[in-house]
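For reference, the structure is listed below as structure tokens.
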Amino acid sequence: MAIKNTILIKNGYIVTMNGKSENFLGDILVENDRIKKIEARIVDRADQIIDASDKVIIPGLIQTHVHLCQTLFRNIANDLALMEWLDIIMPLESCHDEETAYISAKLGIAEMLKSGTTTINDMGAANFATETAYAVKDLGIRAQLGRTIMDSDWAPEYLRHDTEKGLVETEDFINKWHGQADHNITCGLPIRWILTTTDQSLKGLKDIAAKYHVPIHTHANENLSENEVIFQEKGMSTIEYFCKLGLTDHKLQMAHCIWVSEKEKQILKENNISVLHCPSCNNKAASGIAPVPEYLSGGINVSLGADTAACNDNLDLFVEMRLAALMQKPRLGPTSISADDVFKMATSEGAKALLLDKQIGSIEVGKKADIVILNRSIRNSPFNIDNVIPALVYSFNGRDVNTTVVNGRILVKDGRLVDFDEHQLMKEAEYAIKKVIAKAKKLNRYQDKR
């Protein structure tokens, strides 16, 4: 007989995000990795009991666009335009080794777990994708991962690799990590930038996507100067070019999508492409404001991500929710986007983007037990149960996270990581960034902009 591990969460105010948008005071019973019961009062015995009195229970937050390999580069390249920022960050990324790549991923995951994120979609790297996967496995977060290909002449020489090598390693990564029982990893195909990937690789990735039924994850239409360069090279935008090559047939996930034409919006809608909105990084780099209300009214799925700690400088999805709600209002008016819209982007719509909406994104019986418990505090008081979603978007933040449960495992308790020494992780991060910078200086790849 299989061993059952159970958790009973008692007396919390539950925000379900189910189809009826039900919110109520009650209990949740978790059995192994699934939610078994949600009732006003559950009397079953359990291995662990969590008293959630005066607390709010929400579905685990979902970040659909992050760069774990860049977490170490926080606060190194600030107040710069996107292309200037890349000139600093990409050389540093090339100076990772297995140890520093693992520490960078672990640092980012720890921050996100502590601030209520239970699922991520990582953009991957040309090197050390396996170290990112081990960090995901070790810390227990749910993730879509992949190995990115950078094989064109546009890719920096220090990151460029052989086309066949990239395609073989991409397929090897999927065979090793996709959907295995001992971790929470599914695979995608991250394409870092259209110009750093050859057409041969793009076509190869299309075949791999079809073979393994995995999504494609990329950046698109983020910056005007970037758009101009792409148009000069391809004669069309990233969105149009991906459509031309048939890449839109494979559950495409596109980060940013700021500068888009009506034709491109139609491509997004007709092909069920998910837009991955990253408000903080888009603002900080002055890339622009994505037309999110227009996407939503047009039936285009939009989700959220903090993007990269190397630009954003934090990975708290509560910050992204608040900014996503606020930044549209000067442009289109106070009712242009609601708190309900934004909270869906951080939960149920994120699950749809990652093709996991049958498993996560809401608190429902039978779904995976990805659950976050929030403290009520001075910062979010008084708490009005009739306006709980606006409170979550405008008043709560990552510091309010008390407990994070992923796949039925308690990973954060009382605001602290359960299985990892946070002070030791901070020391490892300081050591790792010094190691990367020393290597970059030795190779003459480091520009100090701090």
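The values are calculated or read from the model by the stated rules, or taken from the named source; none is laboratory data. Remember, predicted model here, so these are calculated numbers, not experimental data. Backbone-built Cβ (ideal geometry, glycine too); neighbour counts: all protein chains shown.
Remarks
- Criterion: at pLDDT 95 or above and within 24 Å of Asn397 (Cβ to Cβ) - qualifying residue of Leu323, Leu332: Leu323
- Considering only residues in the stretch 260-287 that are in a helix (DSSP H, G or I), touching a residue at least 24 places away in the same chain (Cβ under 8 Å) and over 21 Å from the mean Cα position of the chain (by Cα), the one that is surrounded by the fewest Cβ atoms within 10 Å (Cβ to Cβ) turns out to be Lys269.
- Pair list, Cβ under 6 Å, 6 or more apart: the stretch 21-32 residue farther than 21 Å from Thr6 by Cβ, other residue outside any strand (DSSP E or B): Glu22/Thr16; Asn23/Val388
- Qualifying residues in the stretch 395-450 (those that are charged (D, E, K, R) and assigned to a strand (DSSP E or B)) - the one farthest from Asp97 (Cα to Cα): Lys413
- Scanning the stretch 318-343 for residues that are surrounded by fewer than 22 Cβ atoms within 10 Å (Cβ to Cβ), in a helix (DSSP H, G or I) and not β-branched (Val, Ile, Thr) returns Arg322, Leu323, Leu326, Lys329, Pro330, Arg331, Leu332, Ala339, Asp340, Asp341.
- Within the stretch 288-302, being of a type in the set (S, T, N, Q) and assigned to a helix (DSSP H, G or I) holds for one residue alone: Ser297.
One line per residue, one yes/no per condition, for (1) at pLDDT 95 or above; (2) outside the structural domain of Asn184 (by TED's automatic domain parsing); (3) under 14 Å from the mean Cα position of the chain (by Cα); (4) surrounded by fewer than 18 Cβ atoms within 10 Å (Cβ to Cβ):
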{"site": "Leu82", "(1), (2), (3), (4)": "no, no, no, no"}
{"site": "Trp85", "(1), (2), (3), (4)": "no, no, no, no"}
{"site": "Met90", "(1), (2), (3), (4)": "no, no, no, no"}
{"site": "Ser94", "(1), (2), (3), (4)": "no, no, no, no"}
{"site": "Glu98", "(1), (2), (3), (4)": "yes, no, no, yes"}
{"site": "Ile103", "(1), (2), (3), (4)": "yes, no, no, no"}
{"site": "Gly116", "(1), (2), (3), (4)": "yes, no, yes, no"}
{"site": "Ile120", "(1), (2), (3), (4)": "yes, no, yes, no"}
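- Filter result (in contact with a strand residue (DSSP E or B) (Cβ under 6 Å, 6 or more places away or on another chain) and not in a helix (DSSP H, G or I)) within the stretch 147-178: Thr148, His178
- Contact map, the stretch 204-219: residues that are within 13 Å of Thr148 (Cα to Cα) paired with residues that are part of a helix (DSSP H, G or I) and aliphatic (A, V, I, L, M), Cβ distance under 6 Å, separation 6+ or inter-chain. Pairs shown: Gly204/Leu167; Ile216/Ala209; Ile216/Leu247.
- Tally of residues being under 20 Å from the mean Cα position of the chain (by Cα) and surrounded by fewer than 15 Cβ atoms within 10 Å (Cβ to Cβ) across the stretch 344-385: 1
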